[in-house]
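To start, the structure under review is shown below, and the notes come after it.
The values are calculated or read from the model by the stated rules, or taken from the named source; none is laboratory data. Because the structure is a prediction, the values reported are computed rather than measured. Glycine also receives a Cβ, built like all others from the backbone with ideal geometry; neighbour counts cover every protein chain displayed.
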Amino acid sequence: MFEGDVGVSGTELAALIAALAFLLLVGVLMVPILKLRHTVDAATRALTEVAERTGPLLTDANRTLDGMNTAIGQLQTSLDGVNSQLERVDAITGHAERVSGNVAQLSTVVAGVTTSPLVKVAAFGYGVRRTVNARRGGDTTVRGARKQKKSAQPKIVRRAVGRGLFRRAAGHGSTVRSGAGERTV
């Protein structure tokens, strides 16, 4: 061997082999670690770009939401106004309903008050016209017919006939025709 050769012991040789294996391992792992570093750098750049673009988007979204909140507030105010107007319309409708009921009752009362006297006046006019026509045609025919009826009827009935009550009691009242229909008087 060499003159100044120093002998290498087994331990030293094992340490040298271990150091070479470690160096080979670091060399082999260096390629994926460098690729991983490039991937991390690309991800960092992408996140930075997203952060830069997200800020204005979020600002615009906040402005839009603020505008929507303002519009919703105005809509709520409008709906409150509409509801108050609807309450007023309901009150007016209730008043109109009461007024129409009162008018209906009043018209019924007026019809009842005016119909009865009008029917009586019409019946009186009919009786006067009939009597005048009968007298124009001759006095004996009307009285003669009455005398025949009187002799066949009892005394109480004859008095009732003179007052016109017999016809009403027997259901043979005179019929008055008007525009609203016929009424028995």
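For the reader, a short list of remarks on this structure follows.
- Screening the stretch 1-22 for residues that are surrounded by fewer than 10 Cβ atoms within 10 Å (Cβ to Cβ) and in a helix (DSSP H, G or I) and picking the one that is modelled with the highest pLDDT gives T11.
- Qualifying residue in the stretch 86-105 (condition: at pLDDT 90 or above and basic (K, R)): yes
- Residues of the stretch 35-67 that are surrounded by 10 or more Cβ atoms within 10 Å (Cβ to Cβ) and of a type in the set (G, A, S): A42, A43, A46, G55, A61, G67.
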